[in-house]
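The values are calculated or read from the model by the stated rules, or taken from the named source; none is laboratory data. What you are looking at is a predicted structure, and each value in this text was computed from that prediction instead of being measured. No Cβ is skipped: glycine too gets one built from the backbone with ideal geometry, and neighbour counts run over all protein chains shown.
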């Protein structure tokens, strides 16, 4: 699959969220979680799983690619309830589950399978409800208008468009690369991030709207995007933005509080790595739902005043790669 979607921000943003995370490496220096390989490991459970109705009879399921921990993922298995319904290769991290019933609630989860046939643990279970289908609905939505796009570094493109209209309701938007559908997003979203692109390459995208009855709109205008070359990509486009840091006194010690906006991505960002004084110090992994807007995290520095530290962080993107670093901030305890 050449690309993938992720709306840069959902409509209901979580602003000022205090990060609740698992500290994979919480104190001192050393390798962050997942860096040490063990050939005997099972694949990890896929994180960031989401499910979104595409029509009255289909649901789009998406997840983050599992990082290589020595298990060598070969494929992902998608389950509806307890039944396996789809299998996709390790190079993909999304699929459409079709032939569903209208106005019905479904649950989905995903498992990764290694090259030796072993299944990893299941992901979190997610839910989606297909909308009611109107048998009399034969009118397609209007075409999405004013499609715009820009390169996001060397491997992704960010798209946005104006909402379509329909005599009932737009349930989803389909993103096409050339003549091939590569992803879909919910009808309430008018933006996507397409990933998995090649550096220094020109791409052509269109968007179509679909209603609950499955009626598909004409394609809106076409947009062409050229990705940056590998040597031109400094990582800035995939770095967390609006990064802030300050030292705080609490419980008789100094703590570092950082906050940031997540970078645009094609799914849910569930993991960040913090570098302190030029070295990896902590990996943050959300155990529950990751905030989609501004996030805040605080961690222990020590009891001494007058110490200066440099801090920055980067996100693990849903396609399994690490994004660029945020700008580095300097803080001094006691100030």
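When each of 57, 20, 25 is tested for being modelled with pLDDT of 90 or more, outside the structural domain of residue 318 (by TED's automatic domain parsing) and at negative phi, the lone residue that passes is 57. Within region 76-94, the set of residues being over 26 Å from residue 211 (Cβ atoms) and buried (at least 19 other Cβ atoms within 10 Å of the Cβ) comprises 76, 79, 90, 93.
The numbered conditions (1) loosely packed, with under 14 Cβ neighbours inside 10 Å; (2) part of a strand (DSSP E or B) are all true for residue 305 except (2). Restricted to region 69-125, the set of strands (runs of 3 or more DSSP E) holding at least 2 residues that are closer than 24 Å to residue 287 by Cβ and without any contact (Cβ under 8 Å) to a residue 60 or more places away in the chain comprises 73-80, 105-114. Checked against the criterion of being in a loop (DSSP other than H, G, I, E, B) and either under 20 Å from residue 328 (Cα atoms) or assigned by TED's automatic domain parsing to the domain that holds residue 93 (or both), the candidates 291, 264 yield just one match: 264. The residues in region 217-261 that are surrounded by 16 or more Cβ atoms within 10 Å (Cβ to Cβ) and either touching a helix residue (DSSP H, G or I) at 6+ places or on another chain (Cβ under 8 Å) or more than 27 Å from residue 332 (Cα to Cα) (or both) can be counted, and the count is 10. What do you reckon, is residue 326 under 30 Å from residue 157 (Cβ atoms), outside any strand (DSSP E or B) and in contact (Cβ under 8 Å) with a residue 12 or more places away in the chain? Judged against the criteria, residue 326 is a match.
Scanning region 110-155 for residues that are under 25 Å from the mean Cα position of the chain (by Cα) and on the phi > 0 side of the Ramachandran plot gives 146, 153. Within region 104-121, the set of residues being exposed (fewer than 12 other Cβ atoms within 10 Å of the Cβ) and modelled with pLDDT under 95 comprises 116, 117.
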